[in-house]
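First the structure, in the form of structure tokens, and then the observations on it.
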Amino acid sequence: MIEKILFSLLGILALTHTIHAQEYTESGNSFNETMSPASNSEFPNAALAYGDPIDSPYERTNLRDRRVLPYDHIREADVMWEKRLWRVIDVREKLNLPFAYPDKPFITILLDNIRAGNIQAYSALDDKFTTKMSSEDLDQILNTTDTTTTFDPITYEEKILVYTNDFDPTTVKKFRVKESWFFDEETSTMKARILGIAPILEKMDENGFVRFELPIFWVYYPHCRQVLAHEPAYNSHNDVQVMSWEDILEMRMFSSHIVKESNVYDRRVQDYKDGVDMLYESEKIKEGIRNYEHDLWTF
């Protein structure tokens, strides 16, 4: 008796499913027609309904909405000691590889924002940020011109053609950083503030050896902090934790060596040291600052 009841219920369910399927198909709303973009008049181009593609499974708004914290106000009366230092960041070192990230090197970020008017460039004739540079002045330095001799295939007349070599970002392998170290009596802390950054070009001789180095331009870093806070920097540890270039510079996540300290002769380390002694002198200057801070806390 129970088996007959179960078979009757299964038959009723099967019949109901068949009737609904026929009604759904006769109404013209079949499964294939519903899923086909070409047969749906409401979405003639289904790809446009999704918006622009993004290179991420989610929208990244961290850098877009970021605001930098302003520096604490420093009273001149609270600064009891100060030393100016000049450093060099070599992008070929392992810790500095984000500066040469092929997708967008640091020099490209600076140049794009300078041309867009977001960052002001200053002449490299001095490092005191006195002479402003325009985008045209910058292009004259970066884009060099050269000449070549050609011959007309008909008249065999010799012609000299002048062409422009576009700037190659990979030629910038070093950055010069000007910074100030000072002791603040109000907070009893030693602080370091970056004042300026300058990309450096290496001039080669005919044998491929470096003849000399010269900075291209200077940027005043305190005015660049907000712009650099929106520029992403490559984070080798975690792709989710996007870091900005303002984070890299403020947290001093780079490797460098001191090439100059403020002195009465205004000379660089290479002017009185050679070879490996230059690195020893750089460490000596760094150790002198550390010892000064340590001696202040000796009782």
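Of all the residues that make up the range 89-104, how many are assigned to a helix (DSSP H, G or I) and more than 21 Å from GLU179 (Cβ to Cβ)? First the steps, then the outcome.
Of the range 89-104, the ones assigned to a helix (DSSP H, G or I) are 94-100.
Restricting the remaining residues to those that are more than 21 Å from GLU179 (Cβ to Cβ) gives 94, 97, 100.
Here the count works out to 3.
Pick from the range 261-299 the residues that are closer than 25 Å to LEU97 by Cβ and of a type in the set (D, E, K, R): which of them is surrounded by the fewest Cβ atoms within 10 Å (Cβ to Cβ)?
Looking at residues that are closer than 25 Å to LEU97 by Cβ and of a type in the set (D, E, K, R), I get GLU283.
Output the residue which, of all residues in the range 113-141 that are assigned to a loop (DSSP other than H, G, I, E, B) and touching a residue at least 60 places away in the same chain (Cβ under 8 Å), is farthest from LEU195 (Cα to Cα).
ASN118
For the range 216-230, indicate whether the set of residues that are of a type outside the set (A, V, I, L, M, F, W, C) and farther than 18 Å from TYR71 by Cβ is non-empty.
Scanning the range 216-230 turns up at least one residue that is of a type outside the set (A, V, I, L, M, F, W, C) and farther than 18 Å from TYR71 by Cβ.
Taking into account only those residues within the range 177-224 that are in a helix (DSSP H, G or I) and touching a strand residue (DSSP E or B) at 6+ places or on another chain (Cβ under 9 Å), which is surrounded by the most Cβ atoms within 10 Å (Cβ to Cβ)?
Looking at residues that are in a helix (DSSP H, G or I) and touching a strand residue (DSSP E or B) at 6+ places or on another chain (Cβ under 9 Å), I get CYS224.
Within the set of pairs 6 or more residues apart or between chains, which connect a residue that is closer than 15 Å to LEU85 by Cα inside the range 255-281 to a residue that is surrounded by 15 or more Cβ atoms within 10 Å (Cβ to Cβ) and small (Gly, Ala, Ser) with Cβ atoms less than 6 Å apart?
Correct list of pairs: HIS257/SER282; ILE258/SER282.
Among the candidates ASP103, ASP168, which residue alone is in contact (Cβ under 8 Å) with a residue 60 or more places away in the chain and acidic (Asp, Glu)?
The match here is ASP103.
Every read-out reported here was derived from the displayed coordinates using simple, explicitly stated rules and does not represent laboratory data. Quick caveat: nothing in here was measured; it's all calculated off a predicted structure. Here the Cβ is made from the backbone with ideal geometry for all residues, glycine too, and neighbour counts use every protein chain on show.
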